[in-house]
Amino acid sequence: MSAPAAIATASSRARRRELILLGFAFGLVLVALLIVDTAQHQSGSQMLANIAMFVGAYAALYLLAHGVIRLVAPNADPLLLPVIAALNGLGLVLIHRLDLGAAHAAETITASDPVTHNAAQQLLWTLLGIAAFCVMLVVVRDHRTLARYAYTLGLAGLVFLLIPAVLPASLSEINGSKNWIKTPFFSIQPGEFAKIALILFTAAVLVGKRDLFTTAGRRFGPLDVPRARDLGPLLVAWIVAIVIFALQNDLGTPLLIFTTILTMLYVATGKFGWVAIGLVLFTIGAIAAYAIFSHLRVRVEAWQDPFADYTGNGYQIAQSLFGLATGGLFGTGLGSGRPNIVPFANTDFIISTIGEELGLVGLTAVLSLYLVLVMRGLRAGVAVRDSFGKLLAAGLATTVAIQLFVVVGGVTKLIPLTGLTTPFVSYGGSSLLANFILVALLVRISDAARQPQLATPAGTGLAASTTSVIPAAGGGR
């Protein structure tokens, strides 16, 4: 068999696996929806309408995404799209389940709680997310071209972060956090898109300055510490994080951005000194913020002992813990719990909803899907041949892992609450759109990584350069 024929056969095989796995995801969503509707006593006509909306339309969207991948990224990892299809589909079912629960007084905090129709809105956001996913794959045929726009993307990321801070509270504040842009038709959280732009910028800068970051510095004991003048990227990330927190009353976004950039610095250099300095800066910032900002002290106190103010600031985390305890090992069953009692059960606390109705086993299964997504993203970064792609994939996969850790840690009282949402599962358009773009970039990188090397790469400059670590002369680094 000729080389082109072998390549075509391998690509076709990967796409068949992807389609089969999508079928399993569709089946999982269908079964979950039927269980929810049965437990919530939906009529036959209502169940058929829900199947058509939440399974039929959802499946059509992912088949469209599969077709686009088949056309423009035929060598891409066949696991990425099915994993996000399963997560997104489960999220739709859970949000639909919470909508149904909001109509029953016995399942809500108070009898006056409004009835919601968020699942239909989430399906619309899924449509827009799939559209953004497909457009990204069609427009960005080579991820290395994004390195040319690194500084533009970095500036855009900072502008996205600062826009809510300069807007009046009436146009930017929701639930105490001033990190939104509100319009009469929809609200958007620009920080979700800023994190992707800043990851692209950081990857390009680290590749362009890789010799400086890997060779310069001095050794102090077991640590290779970078020079003071080379700490610019980390100091800028730290300052940006502090400013965002101070202006927007938002703990999650600055924490996510700072830890992601710190991780990328470590991946690029292999120097634990960067991590040590980052941890010192984080500690200084956390202590200063705790002393200055009262809302951070409130969150820390609620984290330390939510039952001390059970009817006030501790109510949300306390109810989350009760829900997880109620779910136990195997859960109450989809549609059979009372997850609506937890405030923001469909956004910040949807992990609590999963834990209550699917139990520890179901929650572990969902977290395993995220583990697959992160590992396949890191695998694409290891396999791709250019340094920019390696760092970009590492940053994108790492930010998903960090966000998930922060969300689950907050819901389970491991760390203070931050207000971040669970990727692909939580209700919200900004998060869904941004994460579809993120996965589109991972798909594009995995396509390049799995494509056989038949000719010299077309890219030039820093985008096409290979990874290298050059030891310093003598004992210093």
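Numbers for the structure displayed
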| quantity | calculated |
| --- | --- |
| Of all residues in the stretch 19-48 being in contact with a helix residue (DSSP H, G or I) (Cβ under 8 Å, 6 or more places away or on another chain) and not in a helix (DSSP H, G or I), the one that is nearest to Phe424 (Cα to Cα) | Gln40 |
| Residue count for the stretch 139-159, restricted to those that are touching a Gly at 6+ places or on another chain (Cβ under 9 Å) and within 20 Å of Pro74 (Cα to Cα) | 4 |
| Members of the stretch 317-340 that are crowded, with 19+ Cβ neighbours inside 10 Å, without any contact (Cβ under 8 Å) to a residue 40 or more places away in the chain and not in a helix (DSSP H, G or I) | Gly331, Gly337 |
| Near pairs, Cβ below 6 angstrom, 6+ apart or cross-chain, from the stretch 32-53 (over 21 Å from Leu87 (Cα atoms)) to any residue that is of a type in the set (S, T, N, Q) and in a loop (DSSP other than H, G, I, E, B) | Ala39/Ser336 |
| Single condition Pro343 does not satisfy, out of (1) under 18 Å from Ser177 (Cβ atoms); (2) in a helix (DSSP H, G or I); (3) not aromatic (Phe, Trp, Tyr) | (2) |
| Selection status of Phe436, in contact with a helix residue (DSSP H, G or I) (Cβ under 8 Å, 6 or more places away or on another chain), at pLDDT 95 or above, crowded, with 20+ Cβ neighbours inside 10 Å and on the phi > 0 side of the Ramachandran plot | no |
| Subset of the stretch 284-316 [of a type in the set (Ser, Thr, Tyr) and not in a helix (DSSP H, G or I)] | Tyr310, Thr311 |
| The stretch 291-300: number of residues that are out of contact with any Phe, Trp or Tyr (no Cβ under 7 Å at 6 or more places or on another chain) and either of a type in the set (A, V, I, L, M, F, W, C) or at pLDDT 90 or above (or both) | 4 |
| Residue check for Val361: within 29 Å of Asp142 (Cβ to Cβ), surrounded by fewer than 24 Cβ atoms within 10 Å (Cβ to Cβ) and out of contact with any helix residue (DSSP H, G or I) (no Cβ under 6 Å at 6 or more places or on another chain) | no |
| The stretch 183-209, subset among the aromatic types (Phe, Trp, Tyr) and surrounded by fewer than 23 Cβ atoms within 10 Å (Cβ to Cβ), residue farthest from Lys390 (Cα to Cα) | Phe185 |
| Residue match in the stretch 259-278 (condition: modelled with pLDDT of 75 or more, exposed (fewer than 15 other Cβ atoms within 10 Å of the Cβ) and not aliphatic (A, V, I, L, M)) | yes |
| Residue in the stretch 418-425 that is surrounded by 19 or more Cβ atoms within 10 Å (Cβ to Cβ), in a helix (DSSP H, G or I) and modelled with pLDDT of 90 or more present | no |
| Contacts under 6 angstrom Cβ, first residue in the stretch 404-415 being under 19 Å from Leu87 (Cβ atoms), partner at pLDDT 95 or above and aromatic (Phe, Trp, Tyr), 6 or more apart | Leu404/Tyr370 |
| Scope the stretch 147-182; condition modelled with pLDDT under 85, surrounded by fewer than 15 Cβ atoms within 10 Å (Cβ to Cβ) and under 16 Å from Val240 (Cα atoms); matching residues | Val166 |
| Residue satisfying condition, being within 24 Å of Ala440 (Cα to Cα) and in contact with a helix residue (DSSP H, G or I) (Cβ under 6 Å, 6 or more places away or on another chain), within set Leu94, Leu71, Leu146 | Leu146 |
| Hits in the stretch 55-79 - residues which are touching a residue at least 60 places away in the same chain (Cβ under 8 Å) and either closer than 14 Å to Phe24 by Cα or of a type in the set (S, T, N, Q) (or both) | Tyr58, Tyr62, Asn75, Pro78, Leu79 |
| Hits in the stretch 352-366 (condition: of a type in the set (Val, Ile, Thr) and under 19 Å from Ala318 (Cβ atoms)) | Thr353, Ile354 |
| Unmet criterion (only one of (1) farther than 25 Å from Ala246 by Cα; (2) touching a residue at least 12 places away in the same chain (Cβ under 8 Å)) for Pro306 | (1) |
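The rows are residues; the columns are (1) more than 22 Å from the chain's Cα centre (by Cα); (2) closer than 24 Å to Gln189 by Cβ; (3) of a type in the set (Phe, Trp, Tyr).
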site	(1), (2), (3)
Pro254	no, yes, no
Thr269	yes, no, no
Leu296	yes, yes, no
Glu301	yes, no, no
Gly312	yes, no, no
Arg338	yes, no, no
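The values are calculated or read from the model by the stated rules, or taken from the named source; none is laboratory data. Note that this is a predicted model, so its numbers are computed, not measured. Please note: Cβ atoms are built from the backbone with ideal geometry, for glycine as well, and neighbour counts cover all protein chains shown.
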